[in-house]
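Since the structure comes first, as structure tokens, the remarks are kept for the end.
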Amino acid sequence: MSTRSGSSSASSLRRLALPMAALLLLLLFNFLFTPGFFAVEVRDGRLYGTLIDILNHGSKIGIVAIGMTLVIATGGVDLSVGAVAAIAGAAAAHLIVSGSSPPVAIASGLILGVLAGAWNGILVTMLRLQPIVATLILMVAGRGIAQLITNGLIITYDSPTLTFIGNGSLGGLPFPVMMLAVVLAITAILARRTAIGLFVECVGDNAAAARMSGVPDRAVKLLAYASCGLCAGLAGLIECSYIRAADANNAGMLLELDAILAVVLGGTALTGGRFSLIGSVLGAMLIQILTKTLYMQNVSADIAPAPKALVVLVVCLLHSPALRQRLANLVSRRAGA
Amino acid sequence: MGDQAPRAAHPTDSRMSADAPLLAVRGLQKRFGAVRALAGVDLTVLHGQIHVLLGENGAGKSTLIKCLGGVHWPDGGSVALEGRPIAPASPRDAERIGISTVFQEINLIPHMSLAENISLGREPTGPLGRIRWHEVRRRAEVALARLGLRVGVGSDLSSCSIAIRQLVAIARALDVSAKLLILDEPTSSLDRGEVAQLMGVMRRLRADGLGIIFITHFLDQVYEIADRITILRDGALVGEYDPASLPRTRLVSLMIGREYSPPIATPTPTPTLTTAPTTATTTTPSSTNGETAETVAEPSIAVAHARNLGRRGSVEGINIQIDKGQTVGLAGLLGSGRSETARLFFGADRATEGSLEIDGTPVRLRSPRQAIRRRIAMTAEDRRSEGIIPNLSVRENILLALQVHRGLARPIPSAEASRLVHDFVRSLNIKTPSSEAPVSSLSGGNQQKALLARWLATDPHLLILDEPTRGIDVGAKAEIERLIGTLRERGMAVLLVGSDLEEVVRICRRVIVLRDRRQVAELHGGRCNEREIMAAIAEHTPSHIAVGSTPQPPLAGDSGGSR
């Protein structure tokens, strides 16, 4: 952390405390009430179990959340990540089926992701569209594009390489977990060992002042959206690998909401500015644990969003400075009386 | 205020006349926390009178009209309309009583038609609350016709020029039965032709018997249209005057609050100066050594040289040369184009006319980033919106511009960064609990010093300071002044925008004076004093520079009526 030191990292630790506490509480709940939650077994040199599943699926959200963190930190938002994931998966599967080599298919999926992100970035920076509107365009259109690629069919493929992305394992852990670790490491190094992180936070905190200080605000935003597109593309490949097929209709469904939630739970404000990559990854895992817990408590998938929303509401409220102040006042008044 | 003789000389006779004045404000007071915004202000407006309200920043003009318009509630004093005491509780209430205000930022809806805007919020309704659109249109036509404006009331407001929007706002204000119309700087973004149109409307309304309170910063407009002038300063009444017997120079000195005596042939060194950190005002050639460099044979390259620099609709005719180690001031009233000029030197606004040379090379600055590459630095006038990055640390705020200068890929090594920040915090005496504290937690003066540190870290050749001492405490002011002196000795060129003339002449040995968005004078040596600056600000037809005294409307030419 070359651009951070001392009390600054202490304050970012304080921001992480909340998602961390929520995570531990959920784990404790499961320890007490969900039998077999912590059971992990080794088969063929690979770990299996509920926790491992959570890590696996949480990684997909986590990767998108990392890209989303950068976009939100610039004061924007990207609603199109789910649709972009669908495009990337559809393109990769289509290329495999039409005889391309797996590396070409994978690279194409990722490049499409970057292009989609750059498109969003151009709409936001050059045409000055509001981020929510700019990315809504691709959110709606993207699924149509994915359908065009797949001709409206579910494309099943047979490629060990592409299948490995979602289902393989490395050192006992699912491959997506490894990818999340790599994406997190690269992004953290780029953000904190260069000035990118500083510039992103400046643009998000006060764009006019950043511009007056010479920060290339448009380039910074463009970079954030392109990175987010790349992450979405990667998530799309993981998803189409899980099911060994590209389903343009359902791939990446509601992924944007999970990713935005993860970022917010991780302590990055939707208004932009200071961001925490680790916080977003924690947030992603929190969401996945919550989802899994509800399933294991036999809450039906249709009802699950309601209790999920309740937990999210509590964590977000606890992030609110106004509410914290009131709680603090209340406590001190009690202590005084 | 004891020295302001003409105070309340005239309003008495108006009060003695048979009819009560349209508006009589007496001893109005308003506080915001510890700040006293209005300290017992009087204002008398008659029927059919255009009354200009004048004052610099913080004089209390806005607070006064907001009290009249029902936005603020006064803490003390009385307001009477046609002899009846009133206390408008809301803007709506004020309108009902007969006081309508058109604020500087026009509060209209761009994507609605003119007619809808005029009736917005008080649409005539039929049974079941159905809006009678026919009536809406008819009313709008009547209201606009009263202003002598013939445009389609069905067209979108966003398709109209600023001037038309301004007139629509007035029409909206007059749609209710207004007796008193308050116009807050309606001309600040209009070109000359549009101003003339607006003035025509004001005269028409005056003939109808309406009272108008007109706030403007353009002295030419004041003398063209005012029936009476009331001047405020620092929340207090300076006096009410008759424009016919108030010379411009006197008016300027009343606004600024410095006694003005007409310039004499042989200027003596300004005597009123207190212990200034620099001996900027001495007139002997030996002490103005910074200036002698100009006359010495050795040709030095100017750090910045603007020739006829301007920006359409903003400022024009700027000719400034700044050499190494010189501090040049930009003076003028609010709205004269001071900040606009400074921003052209930094690429914050793009120049559309003239040329600019930096260190001898012609440049076209299109962004602050390009200016920074040319070693130009600027602290903006509005510290909050264009200066600090509020939630980032003091450390990050200080390092930002240097980081930009070095580029994205070359982060400042941790040790160097710490040393730099530590050095600046100490040498500029920035009072902060730690360099990691968010900059927004510091006081205004310390924020300003952190911003100065941000730019000094880039080692600029030209430092532009737009009102660097506004809103900061006396101690920090003195420190910043001292700092500018040190920088000049080190050879830095400084362009200082200032509204406090005493401060400007104390710091600068050469002052450029702007009026009505153009350069009207350049004063140096013995002529660089408050008296001369005020004379230049007030002067009607400038003699130093060939600006045609006859109105030559290059701006009005391309706009005509509606754009």
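Data overview
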quantity	calculated
Residue that is farthest from the chain's Cα centre (by Cα) [pool: residues in region B:90-138 that are small (Gly, Ala, Ser) and under 26 Å from B:THR216 (Cα atoms)]	B:GLY98
Any hit, region B:516-523, residues being in a strand (DSSP E or B), at pLDDT 85 or above and in contact with a Lys or Arg (Cβ under 6 Å, 6 or more places away or on another chain)	no
Evaluation of B:LEU392 against (1) in contact with an Asp or Glu (Cβ under 9 Å, 6 or more places away or on another chain); (2) under 20 Å from B:CYS508 (Cβ atoms) (one fails), failing number	(2)
Selection count, region B:53-78, where residues are crowded, with 24+ Cβ neighbours inside 10 Å and either part of a strand (DSSP E or B) or among the aromatic types (Phe, Trp, Tyr) (or both)	2
Set B:ALA304, B:ALA207: member being at pLDDT 90 or above, buried (at least 19 other Cβ atoms within 10 Å of the Cβ) and either not assigned by TED's automatic domain parsing to the domain that holds B:GLY337 or not polar (S, T, N, Q) (or both)	B:ALA304
Residue ID - farthest from the other protein chains (Cβ to nearest Cβ), chosen from residues in region B:331-387 that are at positive phi and buried (at least 23 other Cβ atoms within 10 Å of the Cβ)	B:GLY332
Inter-residue pairs, beta-carbon under 8 Å, first more than 7 Å from chain A (Cβ to nearest Cβ) and in region B:401-413, second of a type in the set (Lys, Arg), 6+ apart	B:LEU402/B:ARG454; B:HIS405/B:ARG373; B:ILE412/B:ARG406
In region A:11-44, residue surrounded by the most Cβ atoms within 10 Å (Cβ to Cβ) [restricted to those that are more than 19 Å from A:ILE287 (Cα to Cα) and within 14 Å of chain B (Cβ to nearest Cβ)]	A:SER12
Residue within region B:494-511 that is over 22 Å from B:ALA331 (Cα atoms) and assigned to a helix (DSSP H, G or I) present	no
Residue match in region A:163-186 (condition: surrounded by 19 or more Cβ atoms within 10 Å (Cβ to Cβ), of a type outside the set (Asp, Glu) and farther than 26 Å from A:VAL40 by Cα)	no
Helices (runs of 4 or more DSSP H) fully within region A:1-97 counting 1 or more residues that are at pLDDT 95 or above	A:50-73, A:81-97
Residue satisfying condition, being within 14 Å of another protein chain (Cβ to nearest Cβ) and of a type in the set (Asp, Glu), within set A:ASP258, A:ASP205, A:ASP247	A:ASP205
Extreme residue, nearest to the chain's Cα centre (by Cα), among residues of region B:388-398 that are among the aliphatic types (A, V, I, L, M) and facing another protein chain (nearest Cβ under 8 Å)	B:ILE388
Answer from B:GLY471, B:GLY525, B:GLY498 - the residue that is at positive phi, touching a residue at least 40 places away in the same chain (Cβ under 8 Å) and touching a helix residue (DSSP H, G or I) at 6+ places or on another chain (Cβ under 6 Å)	B:GLY471
From A:THR271, A:THR293, residue being in contact with a helix residue (DSSP H, G or I) (Cβ under 9 Å, 6 or more places away or on another chain), assigned to a loop (DSSP other than H, G, I, E, B) and touching a residue at least 60 places away in the same chain (Cβ under 8 Å)	A:THR271
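The values are calculated or read from the model by the stated rules, or taken from the named source; none is laboratory data. For clarity, every value in this text was computed on a predicted model and none was experimentally measured. Using ideal geometry, Cβ is built from the backbone for each residue, glycine included, and neighbour counts are taken over all protein chains shown.
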